[in-house]
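The structure appears right after this line, and notes come after that.
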Amino acid sequence: MRPSLKENYLDQVVDFANKNEEPNWFSELRQDALNKSADLALPQYEKINYRSWRLDRPKAPFAEDENISDVTLPETDNLLVQNGGTTVVSKLSDKLADKGVIFTDIWTALKEYPDLVQKYFLNTTINVDSNKLIALNLALMNGGSFLYIPKNLKVEEAIQAIYIQNGDEKKDYNHHVLVVADEGSEVTYLENYLSNGNKETNIANIVVEVVALDNSNVHFSALDQFGSNVSTYLNRHGYVGNDARLDWAIGSMNDGHVVGDFGTELRGEGSHTEAKVVAITTSDQVQGIDTKVTNYGKHSIGHILQHGVILQSSTLTFNGVGHIVKGARGSDSQQESRVLMLSRKARGDADPILLIDENDVTAGHAASVGRVNEDQMYYLMSRGIDEKTAQRLVIRGFLSSVITEIPEKEVRDRMTAMIERKLVNGQQK
Amino acid sequence: MSTLEVKDLHVSVVDDENGKGQEILKGVNLTMSTGEIHAIMGPNGTGKSTLSQAIMGNSAYKVTQGDILFDGKSILEMPVDERARAGLFLAMQYPQEIAGVTNVEFMRAAINSRRADDDQIPIMEFMKKLDAKQEILDMTDEMSERYLNEGFSGGEKKRNEILQLLMIEPKFAILDEIDSGLDIDALKVVSRGVNSMRGDNFGSLIITHYQRLLNYIVPDQVHIMMDGRIVKSGGPDLAKKLEEEGYAGLRDDLNIDAKLTDEI
Ligand SMILES: Nc1ncnc2c1ncn2[C@@H]1O[C@H](COP(=O)(O)OP(=O)(O)O)[C@@H](O)[C@H]1O
Ligand SMILES: [Mg+2]
């Protein structure tokens, strides 16, 4: 019999927590999570089979971070950059800091704002009992950050984070992000995961929690770019309070295998989410994305839009889950999932799943697996643009639902460049 | 000098409902040279757009007989992008909208598609040209920075088609109902754009339902199309005569047995 995770890692977990001067309660949470992970099941998603990726077998969670070659950084006042768990840049404008905004690595937050972190960490939607991978994320967490926006503060500047996975080093990437928008606040947060180097085979386990308290407004954009040797579990979950709004714009531009679990709980009356996800798969990678919105609050609105493109012999699955709970009267659940297939060898799925336990609601869904829009191709080619270039432009149009949502031009350009690069690679036979 | 010849052209479209081919063009003949502006007028549903699409190479339109020659060589086997790079341009009746791709980026891609990879247009040169052309069309930078035709009004789309024409500078431009939905001021602006292209190295085929446009872009020749054929050709006066008599009058004059869809 293999030694259990607990036997293998308990000492390392305790050592790591001590070394980072984590408060006792957090170290205990980690140990509890490690214990529980043994018995908890892997999360299951319709038509997404990722067992063989072995995401539940840690390999090197607590290896030291090795230095990485330079990464170009955006010019902005509010930026956090982490190489694995090592914080490279941590900037917040004086203006925002003076008003009480907190934006730090997770250990600084645990030291300086333990009460705030404890109140919300794995405590609003998902928790340590949700599944094995979330428990492992907490037990073996080796990087992360905390963003807090105080009551009634409207932050106009975007807050940016760049999280780098060192692909040349053997190290598990266990990352946890907590974003809390207090009542009546407004914020735009952008995060970008990327691999620097690609020599080693690694696993990544990321949990991102977004708490949008009553009357707050959160705009969350993500650009995910893990390398082809990284297999990733990526869980993003949001809590939305009364009359609060949480919008997601996620670009899943990874080169490796990914299982994405994007969930939003519309707990408040009149709460609202627009969850937009775009993805491109190439080569022989598999991306399975399960986007779920649960309407609990009366008059809550949950909309899902997923657009993806599949090239070569890759696989892309979009599940769209709309769940309206009994009592969520007057609520609305809509979803659209569309997949473009550019290759006969590719596999694509767009599955709408509607679970409706209340009568007084509106709900709808659209799903399709199709080909590139011929009228748009013709229009572009009639201006002399060759077929492959035209195809990339039409696809960009198809993915624009997320591109146009990204508020910062610089990040938008990064995303566009990423799409271009991935498509150029994918168009090769 | 370049020439564009349409010879005994027969074109069919496949009916979406019954899957059968339906012949729309029934033997069109037309010869144009650069330096000339031709106008095609005709009632709705007569095949004017079909002719323009067949010349450009839209695969939905099948050439079943006849030929299209550019400088004496058949272009029937050429895909649409090659025809464009050879010097053909079609301002479409219904331009597509593509979000996520800006007008500027699209026009640069179009211009660069005509240039070698190591000789792409420098950004400053492009912007300078764009400024000059926008000015002719009373357009602002704001419009060019927007996504391709996205959220444009009908009139803005037409203007944008002409901006592309001025930027790309083709040898032959087919303008399909570039006047529809334009008020008189916009019509003047669009005409000013087209007229700025006039010269020995540019030829145009202007498709219109109304004579009004031809007051602003005066053609060298006018052709009347009915029921998939060109039934009469003449000078600019022909358009005026048509305006007075109407299509029904002309049809009866010529003793043609064509049904007009917009006949009252
Ligand atoms: N893509 C198409 N598919 C099916 N029928 C078409 C298509 N394009 C044109 N037609 C038909 O061909 C005929 C001529 O249309 P069109 O060339 O658009 O006329 P015009 O431009 O002169 O108004 C019409 O009966 C129209 O319905
Ligand atoms: Mg027409």
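Here are a few things to note about the model shown:
- Relative packing of peptides A:15-21, B:170-176, B:214-220, A:314-320 - highest average C-beta neighbours within 10 Å first: A:314-320, B:170-176, B:214-220, A:15-21
- Cα-based helix-to-principal-axis angle, B:103-112 vs chain B, degrees rounded to 10: 80
- For A:ASP284 and A:ALA60, the FRET efficiency from 1/(1 + (r/R0)^6), where r spans their Cβ atoms and R0 equals 30 Å, is about 0.75.
- Only Cα pairs under 8 Å and 6+ residues apart enter the sum, and on that basis the relative contact order of the range A:258-346 stands at 31 percent.
- Per residue of peptide B:140-149, the mean number of Cβ atoms on other chains within 10 Å of the residue Cβ is 1.
- The mean sequence separation of alpha-carbon pairs under 8 Å and at least six residues apart, normalised by the residue count of chain B, gives a relative contact order of 27 percent.
- Ordered from largest to smallest accessible area (heavy atoms of protein chains, 1.4 Å probe), the residues A:VAL14, B:VAL80 come out as A:VAL14, B:VAL80.
- DSSP finds beta bridges in the protein assembly as shown, and of those with both partners inside it, around 20 percent are antiparallel.
- Diffusion constant of the protein assembly as shown at 20 °C, which comes from Stokes-Einstein with the Kirkwood Cα-pair radius and 1.002 mPa s, µm²/s: 76
- Principal-axis analysis of the Cα atoms of chain B puts helix B:154-168 at an angle of about 70° to the longest axis.
- Rounded to the nearest 20 debye, the dipole size of chain A about its Cα centre is 1380 debye, using +1 on the Cβ of Lys and Arg and -1 on the Cβ of Asp and Glu.
- Solvent-accessible area per residue in the range A:42-372 equals 35 Å², computed with a 1.4 angstrom probe and all protein chains kept.
- Accessible surface comparison of B:LYS158, A:LYS95, probe 1.4 Å, protein chains only, largest first: the order is A:LYS95, B:LYS158.
- Cα long-axis angle, helix B:236-254 against chain B (0 to 90 degrees, to the nearest 10): 40
- Mean partner shielding of peptide A:396-403, defined as the number of other chain Cβ atoms within 10 Å of each residue Cβ, is 4.
- Once all protein chains are placed together, A:TYR45 keeps about 30 Å² accessible to a 1.4 angstrom probe.
- Local electrostatic count, B:ASP220, Cβ distance below 14 Å [Lys/Arg +1, Asp/Glu -1]: -2
- Farthest toward positive dipole pole in the protein assembly as shown [+1 Lys/Arg, -1 Asp/Glu at C-beta], among A:ALA346, B:MET197, B:GLY155: A:ALA346
- Spherically averaged projected area in nm², based on the convex hull that wraps the Cα atoms of chain B: 15.1
The values are calculated or read from the model by the stated rules, or taken from the named source; none is laboratory data. Since we're looking at a predicted model, the values are computed, not measured. With ideal geometry, Cβ positions are generated from the backbone for all residues, glycine too; neighbour counts draw on all protein chains shown. Quick note on the areas: whole protein, heavy atoms, side chains included, nothing else; ligands and nucleic acids left out. Shrake-Rupley method; radii C 1.70, N 1.55, O 1.52, S 1.80 Å.
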